[in-house]
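Trainee: Sharing a structure with you now.
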Amino acid sequence: MKESLSPKALEILAQARSLLEAGGYNGFSYADVSARVNISKASIHHHFPSKADLVRTVVVLYRAEAREGLALLDRQLGDPLLELNAYVDYWSSCIAGGTASFCICAMLAAEAPMLPVEIAEEVRGHFEDLAEWLTRTLQKGAAQGQLRLQGPADDEAKAFMASVHGAMLAARGFGDAATFAALARLAIARVSAS
């Protein structure tokens, strides 16, 4: 999908993604994007007829990036504990480096009752994708004796995901990137067998 978009559309999407991360769906307008990209609101509507179209496209691309990243961890590492650490390290470096301080799907999930249906479905899809990967990773780690699960793997996956997203929220609330790393490490320690 990304390959079929013009450079200007990609710039619009990048700015919308940044605005979503900062304040969610209702935290920005086409006027905000227009100011950042330096084009008229009408030009944005040419690329994305509605805000729902724009945000859905952002989330579709975000989901594709996340799936590719998780698959890459599987291929490159092949070790469940290393994969969980790499996932947490990715977010730690994003939060500390200021490249991404929050998962946009976690941000949008907080607004789910007020989102257009097509966006809410994509957000739910992201959570399902991540839960499936975490479930497989936890099951593999438990089978290899690296990880210990206190409940069913799918519940443990959701608990781990909630811990990571909660750590993002805490880091934002405290205004301290190190808070994320500390709390996310606790989530890993909770499932680690060592």
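Trainee: In segment 170-190, which residues are touching a residue at least 60 places away in the same chain (Cβ under 8 Å) and either over 22 Å from Ala109 (Cα atoms) or not aromatic (Phe, Trp, Tyr) (or both)? Full working, then the answer.
Mentor: Of the residues in segment 170-190, the ones touching a residue at least 60 places away in the same chain (Cβ under 8 Å) are 171-172, 177-178, 180-181, 184-185, 187-188.
Scanning segment 170-190 gives Ala171, Arg172, Ala177, Ala178, Ala181, Ala184, Arg185, Ala187, Ile188.
Trainee: Another one. If I ask for residues that are free of Cβ contacts under 8 Å to residues at least 24 places away in the same chain and more than 14 Å from the chain's Cα centre (by Cα), which ones from segment 94-114 would you list?
Mentor: Gly97, Gly98, Ala112, Pro113
Trainee: Does Arg136 count as closer than 26 Å to Gly23 by Cβ and either surrounded by 14 or more Cβ atoms within 10 Å (Cβ to Cβ) or modelled with pLDDT under 95 (or both)? Show your work before the answer.
Mentor: On the way: closer than 26 Å to Gly23 by Cβ: no; either surrounded by 14 or more Cβ atoms within 10 Å (Cβ to Cβ) or modelled with pLDDT under 95 (or both): yes.
The answer is no for Arg136.
Trainee: Counting just the residues of segment 92-114 that are of a type outside the set (A, V, I, L, M) and not in a helix (DSSP H, G or I), which one comes out nearest to Tyr62 (Cα to Cα)?
Mentor: Across segment 92-114, the extreme among qualifying residues is Cys103.
Residue-by-condition table, conditions (1) among the polar types (S, T, N, Q); (2) buried (at least 21 other Cβ atoms within 10 Å of the Cβ); (3) more than 16 Å from Ala142 (Cβ to Cβ):
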| position | (1), (2), (3) |
| --- | --- |
| Lys158 | no, no, no |
| Met161 | no, no, yes |
| Val164 | no, yes, yes |
| Arg172 | no, no, yes |
| Thr179 | yes, no, yes |
| Ala182 | no, no, yes |
| Leu186 | no, no, yes |
| Arg190 | no, no, no |
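Trainee: How about segment 115-141: which of its residues are touching a Lys or Arg at 6+ places or on another chain (Cβ under 7 Å) and touching a residue at least 60 places away in the same chain (Cβ under 8 Å)?
Mentor: Correct list: Glu118, Ile119, Glu122, Gly125, His126, Asp129.
The values are calculated or read from the model by the stated rules, or taken from the named source; none is laboratory data. Everything quoted here is computed from the prediction, not taken from an experiment. Neighbour counts are summed over all protein chains in view; Cβ atoms, including those assigned to glycine, are modelled from backbone coordinates with ideal geometry.
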